[in-house]
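Encoded as structure tokens, the structure appears first; notes follow it.
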Amino acid sequence: MMTTIMPEAILMAAEKMSAGGKHPLTAMFGRDETANGVGYVIYCFFEIPENKTVDGFKVVFNSNGSLEYDSITHIIPAAAWYEREIKDMFGLVPKGHPDLRPLVLHETFPEDFFPLRKNVKVNAKVRGERQFKVRTAKGEGLFEVPVGPIHAGIIEPGHFRFSQAGEAMLQLDAKLFYTHRGIEKTVEGKTPYEALPIVERICGACSVSNTWSFCQAVEKAVSVKVTRRAEIIRTLLMELERITNHVGDIGNIPAGVGFNPAISLGGRLKEKLMRLNESVAGNRFLRGMIIPGGVSMDITPELCELIHQVMDEVADGVEDMSTMFHEQENFQNRIQTTGIVRSQTAIDLAMVGVGARASGYSHDSRCDFSYGVYDELDFKPYTKTMGDVAARLLVRIGELSASFEMVDKLIELLNDCGEQELSVAMEYIEGSGWGISESARGSNFQYVALDGDGRIDRLFVRSASYANWPALPIAVQGDIIPDFPLINKSFELCYACIDR
Amino acid sequence: MFKVLERIFKDKLATEKISLAGSDRYRGPIEGSADGDVLKACAAVCPVKAFAVSGEDYTIDYKKCIFCGRCVEACANKVINESGLQHKHEDALPVLLESGQEVLQDVLKEKLGRSLHVRHLDAGSCNACDFEMGAMSNPVYDLHRYGVHFVASPRHADMLMVTGVVTRNLEQALKMSYEALPEPKLVMACGACAAGGETYGDTYAVVGAADKVVPVDLYVPGCPPRPTAMIMGLLAAADMLKEKMK
């Protein structure tokens, strides 16, 4: 049971829970519990690595009391976005927050519209006007470069405003959440099984991770344990998704500097993996495999053989790419000392995944938590300390070799697994739970609460990109603007995942 | 440097002929038949209302279909020892606005003598369509061989290729990009979100399918369409553009 506190006590509780930064903030989100006579609630979850779990507290706002509370952003900088989002979605105001501009809802929504309150209809089509002022630096000789939301390449939408001192980026303000689709609202009232196609489509690149976290949360809520065979298959799918993404990323980072042979080789390798994914799952994004209660299809011995074969080819290609990077001095010149995130910054922002590990912050849910069959895989987080583009590239290459080994081991475990049952029957009852999985970008956290009919009352999705986006504007400071695409690609953050 | 040269010599040509065939598990369009009651059960589980039944017949709106396979699953649960509904293991073909026009495999053969410049616009997608669009430029699909190019600005483009369900936050960007396109212009709604708009249901943050905001000339089904299906759509678009230029 989570501790319940009053809004006045939030600062003290947060300080105690975070234990001087030892316990990073996992997520902070609102929920409307007025129907149960409780009021609006803010949930704060912190990671407790020593216990391999998350823990936290609930802040309850009485229905007729004040909707303000003391912002915790100045003691826990990672809270900055969460508090803004809660203000947009529920109208709970963090006093003393340094930046109270809207985050999720852009100019066409009215000021007093709080979509995740239960009295707002899912398809409410209200229009209004709200202000969003882009932040710029002012001074003699400074100028602005506006970019997006529609970019020159095939990428997702976001608006970037660079304040330039000559070629150097002095400040970057990013306006995101353009692809906000209202996913957390639209799944309310659906059973987890009905919501699954939507959860799979939060983000294309992180389909497995999002679905796995969601299913873990649902299974925890109704106290169901999935079979060992399902756990092995889920872990295998996750590693396939990681390999696909990492290979895509190391083939895409060279695109930031026009290093064409590497881009082409990366493209070929990724295509092999996408086709493998199609053979395994019936589509190229591994959708439809993970379901609440287990998995929908087996990975047959023939498929295992195919996986082995493709892994060998891809591993060979990745090794060659690594050599290419190493031999190309002008490429090294561009990626070293570019886009640095210092270790302390990574810790302060509670960064996750590749972004954290490249800055010497060893954070990997596969080790920090116990899920799937990662406990049996004997692996350590792969870290680098420089925090630059080169470090993020090397972390991916290092993790790829670890993942290739894991895939071998997982296929062995699958062959040795006598149990054939793929899934267990699910009965949806009232309850709540959280799930966590390590996507290619970092830890992916979800919280699910089911109502008395076993339908979703609240789903909260915090993907890895959500935790890492705020680091990008810090990483670019002082670098030249032509390096921005390179730095951006080195993080490879999803927009769809954070926008929801 | 040596490794770069070694790979270039070793790898040779990767570019393949376009084939719409998929793997054994690939979930493409639906075929087969079943009793009216079974079909009703199939329609009931469709998350995007793409499955319509009248008597013993059914139709599927491939603009909306996300190829999740739930109808086939529901059918399999009801029909035992009979074939029932199945997926074809190939891509669904593009849907053109002028009904009656059929896209044939032949368009793949006539590939010379035209060009098409395309501006991509993510109007609220989950990025799966966008990744597949990026894949069209890899050496395996090599889109440039068909005279199709992605350009940096709508002002340079013949066609807007829209992915994703149009969100409130991007509605204006879509309208403005469309207006910036010079005549003659085309719009392609690529993938179930842009073409059908039902993927996430109707929410406060969603406007709907692309044709709710701008006129759409052709629809490419799929969730996401594979690069092959997108190329089919682009080639059909190049033909349509040729007609418009006359």
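Annotations for the structure displayed:
- Candidate set: the range A:154-187, residues that are over 27 Å from A:Val199 (Cα atoms) and assigned to a loop (DSSP other than H, G, I, E, B); chosen: the one farthest from the other protein chains (Cβ to nearest Cβ): A:Gly166
- Scanning the range A:215-250 for residues that are within 24 Å of A:Met321 (Cα to Cα) and of a type in the set (D, E, K, R) yields A:Glu239, A:Glu241, A:Arg242, A:Asp249.
- Hey, B:Val45 touching a residue at least 12 places away in the same chain (Cβ under 8 Å) and at the interface with chain A (Cβ under 10 Å from one of its Cβ atoms) or not: yes
- Matching entry among A:Leu105, A:Leu100, A:Leu172 (being buried (at least 18 other Cβ atoms within 10 Å of the Cβ) and within 28 Å of A:Leu459 (Cα to Cα)): A:Leu105
- Leading residue by the ranking (nearest to A:Met274 (Cα to Cα)) among those in the range B:133-145 that are more than 7 Å from chain A (Cβ to nearest Cβ) and not aromatic (Phe, Trp, Tyr): B:Met136
- Pairs, first in contact (Cβ under 8 Å) with a residue 40 or more places away in the chain in the range A:10-24, second of a type in the set (A, V, I, L, M) and in a helix (DSSP H, G or I), C-beta under 9 Å, six or more apart: A:Ala14/A:Ala79; A:Gly21/A:Ile347; A:Pro24/A:Ala78; A:Pro24/A:Ile347; A:Pro24/A:Ala467
- Scanning the range A:203-226 for residues that are part of a loop (DSSP other than H, G, I, E, B) and touching a strand residue (DSSP E or B) at 6+ places or on another chain (Cβ under 6 Å), we see that the one that is nearest to the other protein chains (Cβ to nearest Cβ) is A:Cys206.
- Which listed residue is touching a Leu at 6+ places or on another chain (Cβ under 7 Å) and assigned to a helix (DSSP H, G or I), from A:Val407, A:Val395, A:Val448: A:Val407
- Across the range A:12-38, the number of residues qualifying as crowded, with 17+ Cβ neighbours inside 10 Å and of a type outside the set (Ser, Thr, Tyr) comes to 13.
- Conditions (1) surrounded by 14 or more Cβ atoms within 10 Å (Cβ to Cβ); (2) more than 10 Å from chain B (Cβ to nearest Cβ): number failed by A:Gln131: (1)
- Among residues that are buried (at least 16 other Cβ atoms within 10 Å of the Cβ), of a type outside the set (S, T, N, Q), modelled with pLDDT under 90 and touching a Ser or Thr at 6+ places or on another chain (Cβ under 8 Å), B:Val103 is not included.
To keep it simple, each residue is scored yes or no on (1) closer than 21 Å to B:Tyr204 by Cα; (2) assigned to a loop (DSSP other than H, G, I, E, B); (3) of a type outside the set (A, V, I, L, M, F, W, C).
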position: A:Thr73; (1), (2), (3): no, yes, yes
position: A:Tyr82; (1), (2), (3): yes, no, yes
position: A:Thr108; (1), (2), (3): yes, yes, yes
position: A:Phe113; (1), (2), (3): yes, yes, no
position: A:Ala137; (1), (2), (3): no, yes, no
position: A:Glu144; (1), (2), (3): no, no, yes
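- Residues (surrounded by 13 or more Cβ atoms within 10 Å (Cβ to Cβ) and modelled with pLDDT of 90 or more) located in the range A:409-421: A:Lys409, A:Leu410, A:Ile411, A:Leu413, A:Leu414
- Scan of the range A:188-199 for residues that are of a type outside the set (Val, Ile, Thr), more than 8 Å from every other protein chain (Cβ to nearest Cβ) and either part of a helix (DSSP H, G or I) or touching a Pro at 6+ places or on another chain (Cβ under 6 Å) (or both), ordered by number: A:Pro192, A:Tyr193, A:Ala195, A:Leu196
- Residue in the range A:27-34 that is part of a helix (DSSP H, G or I), more than 25 Å from the chain's Cα centre (by Cα) and over 30 Å from B:Gln172 (Cβ atoms) present: yes
The values are calculated or read from the model by the stated rules, or taken from the named source; none is laboratory data. All figures in this text were calculated on a predicted structure; none of them were measured in a lab. In this analysis, Cβ positions are derived from the backbone assuming ideal geometry, glycine residues included, and neighbour counts consider all displayed protein chains.
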